[in-house]
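Heads up, the thing below is written out as structure tokens.
The values are calculated or read from the model by the stated rules, or taken from the named source; none is laboratory data. Everything quoted here is computed from the prediction, not taken from an experiment. Cβ sites come from the backbone with ideal geometry, for glycine too, and all protein chains shown count toward neighbours. Side chains included, ligands, DNA and RNA excluded: accessible areas come from the protein's heavy atoms. Shrake-Rupley method; radii C 1.70, N 1.55, O 1.52, S 1.80 Å.
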Amino acid sequence: MASLDIDRVEKRFGSTRVLEGIDIAVEDGEFLVLVGPSGCGKSTLLALIAGLESVTAGEIRIDGVRVNERHPKDRDIAMVFQSYALYPNMTVAQNMAFGLEMRGLPKAERDVAVADAARLLQIEPLLARKPGQLSGGQRQRVAMGRALVRQPRIFLFDEPLSNLDAKLRVEMRTEIKKLHQRLGATIVYVTHDQIEAMTLATRIAIMNKGVLQQLGTPRELYDRPANTFVATFIGSPAMNLIPGAVCGSKVHLEGGIELPLMAPAPDGPTLLGLRPESITEAADGATGIELAVEVTEPTGPDTLAVVRIAGTEATARLRADTDVVPGRSAAFTLDMSKASLFHPRTGARLD
């Protein structure tokens with residue numbers, strides 16, 4: 001496998017800037033997920049790594065070697081597309097071996113490579129079938145197998161699960177994670193689904209409007225988002241943002257609510273960020289903050305409740321057997337140990 005350096009990379013189409021000064025160092029064997037809303041530039045960045053688009057400025061290096069001018073076939077990468085891109089007139093085995101055949105690899109070696117990949121992906125019974133005889137999940141495994149047989153230095157995945165139904169997406173996420181653990185492969189994976197990003201990645205790069213917002217582990221991004229965009233993009237439901245003001249060692253909210261700060265922060269207006277699991281029912285007999293409950297949403301393992309804190313709607317994550325009722329007030333506890341503070345105008349993290 002290989003390391004990948006994306007060094008101050010920019011991309012423009014005419015006068016339109018699509019990527020702006022992207023800096024990411026991907027270690028050998030790392031699983032990096034590029035995530036962000038549609039149009040944020042993540043697929044364009046993947047295309048630059050693959051060599052399908054040219055870099056306007058900056059460098060892309062694989063194992064320390066600049067590859068900006070190298071043709072895609074000379075970069076020793078393999079790409080798995082959203083559309084699978086399988087040849088309908090070929091069998092699964094022929095699809096998987098086609099790239100090796102084009103490289104002139106002897107048939108005996110091609111057969112061994114296909115058999116090894118098929119065994120790893122558990123698609124051995126499908127080798128004689130054609131793509132039209134396969135389910136969506138099976139086609140995606142074949143597309144992955146076609147990439148595997150090449151034994152590339154880097155794997156690139158471009159929203160590979162977006163065409164699958166919800167249940168199959170979960171299953172395929174598990175398969176991709178198992179594959180990474182078995183191979184120790186260097187993977188760059190593009191998705192707009194933050195749950196995919198959180199469950200698959202060793203590190204996540206969050207992008208918005210062509211700018212890298214934050215790079216870190218899933219836990220770092222969840223617990224300490226760099227700004228309000230990251231705070232509300234990562235996590236389901238999103239982090240609650242409640243206007244207030246810092247004064248000394250407390251955050252003051254509308255309605256006379258005062259909450260203690262766990263770390264120093266500059267005095268002045270702020271947005272208090274609380275994850276839904278930080279807003280819970282007060283324990284029996286404990287003193288809590290009375291909040292109006294507007295809606296409850298049972299999910300099975302827990303119940304989500306929309307409450308109103310200082311005039312702002314917020315989502316709380318409660319026990320599955322909660323007795324909180326819409327239209328009534330209840331006592332809640334706000335866990336400030338996981339709170340975040342953001343600048344109300346710039347959105348940047350304050351604490």
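Of note:
- Förster-model FRET efficiency, 45 Å R0, residue 181 and residue 284, C-beta, rounded to 0.05: 0.55
- 12 Å reach of a label modelled at residue 10, 7 Å along Cα-to-Cβ, counting backbone N of segment 41-71: 56-59
- Charge-dipole axis of the chain as Lys and Arg at +1 and Asp and Glu at -1 on Cβ define it, positive-most pick from 237, 115, 200: 115
- Net charge contributed by nearby residues that have their C-beta within less than 15 Å of residue 279 (K/R +1, D/E -1): -3
- Averaged over its residues, segment 83-169 has an accessible area of 49 Å² per residue, based on protein heavy atoms and a 1.4 Å probe.
- In terms of its C-alpha gyration tensor, segment 11-149 comes out prolate, because a/c is 1.5 or above and the ratio a/b outweighs b/c.
- Estimated [θ] at 222 nm from DSSP helical runs (n ≥ 4, -39500 (n - 2.57)) normalised by residues in the chain, nearest 500: -7500 deg cm²/dmol
- Local electrostatic count, residue 97, Cβ distance below 11 Å [Lys/Arg +1, Asp/Glu -1]: +2
- Accessible carbon and sulfur surface of segment 20-76 relative to its total accessible area, %, 1.4 Å: 44 percent
- Net charge of Cβ neighbours under 11 Å - reference residue 215; Lys, Arg +1; Asp, Glu -1: -1
- Percent RCO, i.e. relative contact order, over the chain, from Cα pairs under 8 Å lying at least 6 residues apart: 16 percent
- Cleavage-rule hits (chymotrypsin sites (Phe, Trp or Tyr not before Pro)) in segment 71-152: DSSP loop, at most 15 neighbouring Cβ within 10 angstrom: 81
- In this structure segment 282-351 gives 54 Å² per residue of accessible area when probed at 1.4 Å with all protein chains present.
- Only Lys, Arg (+1) and Asp, Glu (-1) charged, at Cβ; the chain dipole about Cα centre in debye: 1320 debye
- Long pairs among 11/209; 130/167; 42/338, criterion Cα-Cα beyond 21 Å: 130/167; 42/338
- Where labels lie 7 Å past Cα in the beta-carbon direction, separation of residue 135 and residue 52 in nm: 2.7 nm
- Segment 190-237 - charge dipole about Cα centre, Lys and Arg +1 at Cβ, Asp and Glu -1, debye rounded to 20: 140 debye
- Each part gets one Cα centre, and for segment 180-194 versus segment 1-68 those centres are 16 Å apart.
- On the basis of the beta-carbon distance and an R0 of 30 Å, residue 320 and residue 119 show a calculated FRET efficiency of 0.15.
- Difference of contour (0.36 nm per residue) and Cα-Cα distance, residue 223 to residue 170: 16.7 nm
- Solvent-accessible area of segment 204-351 (1.4 angstrom probe, protein heavy atoms only): carbon and sulfur portion equals 52 percent.
- Segment residue 102-residue 211, extension gain: residue separation times 0.36 nm, minus the distance between their alpha carbons: 35.4 nm
- For segment 272-349, the list of trypsin sites (Lys or Arg not before Pro) that fall in a loop by DSSP and count at most 10 other C-beta atoms within 10 angstrom reads 328, 345.
- Protection proxy ranking of 149-162, 172-185 - average other beta-carbon atoms within 10 Å, highest first: 149-162, 172-185
- What you get for segment 53-118, charging only the Cβ of Lys and Arg (+1) and of Asp and Glu (-1), is a dipole of about 80 debye around the Cα centre.
- Residue-wise HN-Hα couplings along segment 229-245, as the Karplus relation 6.51 cos²θ - 1.76 cosθ + 1.60 with θ = phi - 60° gives them from phi, are 4, 5, 4, 8, 7, 8, x, 9, x, 5, 4, 7, 10, 10, x, x, 8 Hz; Gly and Pro carry x.
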